[in-house]
Amino acid sequence: MKLTTARRISQVFFFALFIWLCAVTTVGEKFWQQRGWSVNFFLNLDPLGAIGTVLSTHKLYAPLLWSLITIILTILIGRFFCGLVCPFGALHQFVSHFAHGKKTAKLISLHKYHKAQNIKYYILIILLVIAGLGGSSSLMIGLLDPIPLFTRSVNLLILPIIGTSTKITAINRFYQTSLLTLTVFLTFVLLNFYKPRFFCLFICPLGALFGLINRFAILRINRNLSNCTNCKLCNSHCQGSCEPAETIKLSECLVCFNCLDDCKDNAVDFNTAKSETIQVSPDLSRRGFIAAAFTGLLTLPALRLAGASYKDSNLIRPPGALPENEFIKRCLKCGQCMRLCPTNVIQPAGLEAGLENLWTPVMNNRIGSSGCQLNCVACGYICPTAAIRPLTLAEKLGKGDFGTKGPVKIGTAFVDRSKCLPWAYGIPCLVCQENCPVSPKAIYTQPDDDKTLLRPYVDPQRCIGCGICQHECPVGSKGAIIVTPDGQSRENKFFL
Amino acid sequence: MTQNKISRRDFIVRCTKAGFSAAAAAALAGWLYESDPAKLSVQFDNIVDVMNYSTPSVAGKTMSIVIGPGRQTTVTKAVELLGGMERFVKPGENVLLKPNVGFAMPPRVCATTHPDLIAQVTKLCYQAGAKKVFIADNPINDPKSCFELTQIASAAQKNGAEILLPRQDYFKPITLKGAELITNWQILYEPLKKVDKVIGLAIVKDHKRSIASMSMKNWYGMLGGNRSIFHQDIDKIIVELAMLIKPTLVILDGTQVMVSNGPTGGSESDLKQANTMIASCDQVAADSFGASLLDLKPQDLPYLVKAEKLGLGTTDYQSLKPLYAQVTGAG
């Protein structure tokens with residue numbers, strides 16, 4: 001079998017596996033639901049998540065140890081992940097193949113090395129500096145890391161569209177940042193029309209990481225100059241634009257094996273030979289490195305100058321989310337919790353609390369089938385970096401060993417008396433009281449002055465902020481009973 | 001600059017093409033032209049009268065009350081007293097069971113219809129020759145989680161009943177003749193359309209707004225849309241639902257009664273052991289007796305009084321001469 005055939009099989013397999021693993025990320029026990037499937041397989045193999053969280057938290061969360069396999073294999077045989085495994089890369093390769101014709105001369109010029117390909121290294125440096133800043137760091141790598149990016153795009157865009165249009169899923173799913181998710185995803189896919197695998201060549205910080213660590217690769221693409229007729233055909237389908245016909249840029253080589261196929265003179269091979277025309281390290285300058293590091297140092301403090309706090313923007317984190325500064329150091333923005341959440345209440349944040357919080361999980365009680373369900377702890381068990389800590393049901397509900405600690409509080413509900421039907425208009429209602437799931441209820445009633453009508457009150461001690469009341473409130477817009485992050489368990493309590 | 005002049009022939013061709021294009025655009029505009037702006041008036045489509053699933057009444061066999069600790073034995077006895085399931089379900093008929101699946105809570109807190117009851121009634125239907133038993137509800141919490149956590153899904157699966165999750169395409173806007181609230185309102189219509197018989201399986205629960213949630217309140221689960229708005233006039237919506245759906249039979253489970261913190265409960269301390277199972281062809285009568293399990297009189301529940309006035313049933317359940325029995329089996 002030709003190596004390119006093997007590569008294609010591998011790409012199709014991993015692409016299908018990726019989509020399958022996203023699709024089965026739903027609560028349930030059927031084979032097409034999340035039973036024993038290792039649904040974080042790709043996120044665990046992604047070393048950028050591991051390195052990013054190591055820089056930000058100085059710890060390696062257990063499942064991320066899998067990424068060591070990727071790192072070691074890359075050191076030995078180069079960027080196999082990009083060429084053989086990466087599902088986002090496979091998508092780009094497919095679109096590029098569709099987008100450009102078969103004219104060899106055009107293809108050769110299309111696949112020329114561009115010195116702007118080193119931008120991705122600078123992007124990597126900027127993101128790693130932001131992750132490693134020290135006390136105030138933030139894991140923003142997930143914005144561009146292809147595995148979280150593609151996971152998010154499939155979870156929050158592709159699968160909901162398929163589910164709604166084919167009626168495969170009984171209940172439609174909604175995600176509030178769909179426009180942004182679509183724009184980013186479609187932009188990167190359509191840029192393949194401008195240059196094949198545009199994202200991989202110019203943007204991908206994961207590819208950049210591989211480009212930095214593949215320099216000692218034992219197996220490499222080599223051009224045997226004694227056989228070579230200098231026809232340049234090996235450049236014509238080169239996925240990394242690393243120019244095997246010139247001085248091959250090893251750091252750019254995606255191990256796609258196309259050059260082996262294109263060579264008619266048996267001059268190109270993937271072996272351990274010592275090559276005469278090879279550039280091992282990427283086109284990085286010391287000046288560029290310093291500029292990128294400086295940009296990274298400046299970026300996060302600059303973003304935070306906007307003064308947008310998650311709390312004032314009403315970003316309510318899912319139950320089990322770590323304290324905010326720890327949470328933001330771990331969240332990959334992969335959207336796994338949003339996909340798994342059975343009620344669809346976990347939503348991606350938009351830009352309301354700045355770029356730093358974009359696509360982080362928040363609760364929107366007005367979307368989905370019903371607030372945060374009392375007897376559910378799914379989100380903590382899927383989070384690949386434990387930004388949302390796995391909780392047992394006993395810990396969430398404050399039962400058993402956790403009896404003295406009390407239940408995990410997500411936030412607190414406030415009755416908006418200017419909108420609440422009994423309070424504002426003297427109309428009977430009490431939907432919120434009826435649906436409060438804690439026992440004894442956190443929403444209680446008292447009669448009005450004429451003793452003809454019951455009005456709802458919230459007991460902040462008992463309220464866990466599940467948002468079921470806000471979901472069911474008949475008043476439009478945000479409802480007349482509104483949950484805010486106040487009083488949440490993961491913060492020091494100064495009031496409530 | 002010298003430019004090639006267009007030939008006469010080319011000029012005519014170009015003019016003809018332009019002329020046809022312009023004419024086509026004008027014709028299309030004329031065809032689509034709307035002189036009056038769209039009207040704001042609401043269309044009342046799908047006007048329906050009562051959806052009647054009842055069977056002919058048999059004198060003296062309208063209501064039965066069975067005392068005992070086990071739901072499976074009490075419900076079997078209660079139905080037997082009324083003439084057995086064969087009276088209600090004929091061979092080859094499709095049956096819809098409408099339990100209360102409102103909340104994603106485990107069966108031990110009794111906020112939802114107990115899976116044992118679902119299992120037994122499904123069995124009785126199949127023994128009577130039912131072709132297919134369906135189970136449907138539009139819960140308050142996430143539907144799929146509700147069916148699973150209440151163990152109604154597993155009880156259904158074990159006994160061959162099919163769960164119909166409230167998919168968006170199962171709903172249909174309905175206008176009930178003579179109704180004020182059910183006008184153009186989304187109803188879980190598809191399951192009702194599929195079947196020949198409908199059996200309500202409700203529980204007795206404390207409920208702040210309607211005072212008690214029993215057989216009649218159980219039909220609230222057939223409403224879709226932003227149904228919370230009906231809490232402003234909850235008695236009227238309960239009565240209108242009784243006008244819309246006339247069930248074959250209602251079974252009211254008072255084995256464990258939720259006396260406080262309803263209708264969600266959440267703790268076993270909210271429950272009272274009452275060991276009572278009611279089967280009735282008259283849901284007003286069933287609820288009138290059920291009220292006594294919460295130490296209430298029928299007159300305490302405005303929807304029962306209203307329903308009786310409209311001839312939907314009687315609050316004087318004693319007049320139906322209910323059949324009493326006592327069973328001991330715990331099953």
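The values are calculated or read from the model by the stated rules, or taken from the named source; none is laboratory data. Just so we're clear, the structure is a prediction, and the values are computed from it rather than from any experiment. Backbone-built Cβ (ideal geometry, glycine too); neighbour counts: all protein chains shown. When the accessible area is computed, the model is the full protein with side chains, heavy atoms only, and any ligands, DNA or RNA have been set aside. Shrake-Rupley method; radii C 1.70, N 1.55, O 1.52, S 1.80 Å.
Assess whether A:Leu421 counts as being open to solvent by less than 40 Å² (accessible area, probe 1.4 Å), modelled with pLDDT under 95 and out of contact with any Asp or Glu (no Cβ under 7 Å at 6 or more places or on another chain). So A:Leu421 does not fit the description; no.
Scanning segment A:267-325 for residues that are polar (S, T, N, Q) and out of contact with any helix residue (DSSP H, G or I) (no Cβ under 7 Å at 6 or more places or on another chain) yields A:Asn271, A:Thr272, A:Ser275, A:Thr277, A:Ser285, A:Ser309, A:Ser313, A:Asn314, A:Asn325.
Considered as a group, the residues in segment B:211-254 that are in contact with a strand residue (DSSP E or B) (Cβ under 6 Å, 6 or more places away or on another chain) and among the β-branched types (Val, Ile, Thr) include one that is farthest from B:Thr73 (Cα to Cα), and that residue is B:Ile245.
Go through segment A:395-408 and give me each residue that's in a helix (DSSP H, G or I) and open to solvent by 20 Å² or more (accessible area, probe 1.4 Å). Show your work before the answer.
Step one: list which residues in segment A:395-408 are in a helix (DSSP H, G or I), which gives A:395-397, A:400-402.
Selection gives A:Glu395, A:Leu397, A:Gly400, A:Asp401, A:Phe402.
A:Lys333 falls short on exactly one of the conditions (1) in a loop (DSSP other than H, G, I, E, B); (2) in contact with a Cys (Cβ under 8 Å, 6 or more places away or on another chain), and that condition is (2).
In segment B:88-107, the qualifying residues are those that are open to solvent by 10 Å² or more (accessible area, probe 1.4 Å) and in contact with a strand residue (DSSP E or B) (Cβ under 9 Å, 6 or more places away or on another chain), and the one that is farthest from the other protein chains (Cβ to nearest Cβ) is B:Lys90. Taken over segment A:425-439, residues that are out of contact with any helix residue (DSSP H, G or I) (no Cβ under 8 Å at 6 or more places or on another chain) and open to solvent by 40 Å² or more (accessible area, probe 1.4 Å) amount to 2.
Scanning segment A:1-20 for residues that are under 21 Å from A:Pro342 (Cα atoms) and surrounded by fewer than 21 Cβ atoms within 10 Å (Cβ to Cβ) gives A:Ile19, A:Trp20. Consider B:Phe103 carefully, then state whether it is touching a Ser or Thr at 6+ places or on another chain (Cβ under 6 Å) and closer than 22 Å to B:Leu252 by Cα. Yes, satisfied. Only residues that are small (Gly, Ala, Ser), within 14 Å of chain A (Cβ to nearest Cβ) and surrounded by 24 or more Cβ atoms within 10 Å (Cβ to Cβ) were counted in segment B:211-226, giving 2.
Is there a residue being more than 14 Å from chain B (Cβ to nearest Cβ), of a type in the set (A, V, I, L, M) and open to solvent by less than 60 Å² (accessible area, probe 1.4 Å) anywhere in segment A:25-38? No, that holds for no residue. Counting only helices (runs of 4 or more DSSP H) that sit wholly inside segment A:148-256, those with at least 1 residues that are open to solvent by less than 10 Å² (accessible area, probe 1.4 Å) and in contact (Cβ under 8 Å) with a residue 60 or more places away in the chain are A:178-190, A:205-213. Looking across segment A:441-495, just one residue is of a type in the set (A, V, I, L, M), under 16 Å from A:Asn314 (Cβ atoms) and open to solvent by 10 Å² or more (accessible area, probe 1.4 Å), and that is A:Ile482.
For A:Gly89, the conditions (1) in contact with a Lys or Arg (Cβ under 9 Å, 6 or more places away or on another chain); (2) in a loop (DSSP other than H, G, I, E, B) all hold with the exception of (2). You will find that of A:Ala424, A:Ala378, A:Ala386, the residue that is in contact with a Phe, Trp or Tyr (Cβ under 7 Å, 6 or more places away or on another chain) and of a type outside the set (D, E, K, R) is A:Ala386 and no other. Mind checking whether some residue in segment A:97-111 is under 23 Å from A:Thr25 (Cα atoms) and either open to solvent by less than 10 Å² (accessible area, probe 1.4 Å) or touching a Pro at 6+ places or on another chain (Cβ under 8 Å) (or both)? Looking for residues that are under 23 Å from A:Thr25 (Cα atoms) and either open to solvent by less than 10 Å² (accessible area, probe 1.4 Å) or touching a Pro at 6+ places or on another chain (Cβ under 8 Å) (or both), one finds none in segment A:97-111, hence no. Can you tell me how many residues within segment B:231-254 are within 12 Å of chain A (Cβ to nearest Cβ), open to solvent by 10 Å² or more (accessible area, probe 1.4 Å) and either among the hydroxyl-bearing types (Ser, Thr, Tyr) or touching a residue at least 40 places away in the same chain (Cβ under 8 Å) (or both)? Number of matching residues: 3. Take the conditions over 31 Å from the mean Cα position of the chain (by Cα) and free of Cβ contacts under 8 Å to residues at least 40 places away in the same chain and apply them to A:Thr277. Does it pass? So A:Thr277 does not fit the description; no. Within segment A:379-387, not a single residue is assigned to a helix (DSSP H, G or I), within 14 Å of another protein chain (Cβ to nearest Cβ) and open to solvent by less than 10 Å² (accessible area, probe 1.4 Å).
Does B:Ala153 satisfy being within 14 Å of chain A (Cβ to nearest Cβ) and in contact with a Phe, Trp or Tyr (Cβ under 8 Å, 6 or more places away or on another chain)? The answer is yes for B:Ala153. Every condition in (1) away from chain A (no Cβ under 14 Å); (2) part of a loop (DSSP other than H, G, I, E, B); (3) touching a helix residue (DSSP H, G or I) at 6+ places or on another chain (Cβ under 8 Å); (4) farther than 30 Å from A:Ser439 by Cβ is met by B:Thr113 except one, and the failing one is (4). Among the residues of segment B:268-285, just one is among the small types (Gly, Ala, Ser), in a helix (DSSP H, G or I) and either more than 14 Å from chain A (Cβ to nearest Cβ) or open to solvent by less than 20 Å² (accessible area, probe 1.4 Å) (or both), namely B:Ala285. Highlighted here are the strands (runs of 3 or more DSSP E) found entirely within segment B:125-218 that include at least 1 residues which are at positive phi and touching a residue at least 60 places away in the same chain (Cβ under 8 Å): B:211-213.
Quick one: how many residues across segment B:41-59 are open to solvent by 40 Å² or more (accessible area, probe 1.4 Å) and in contact (Cβ under 8 Å) with a residue 12 or more places away in the chain? The total comes to 12. Taking segment A:342-371 as the range and being within 12 Å of chain B (Cβ to nearest Cβ) and open to solvent by 10 Å² or more (accessible area, probe 1.4 Å) as the test, the residues that pass are A:Pro342, A:Arg366, A:Gly368, A:Ser369.
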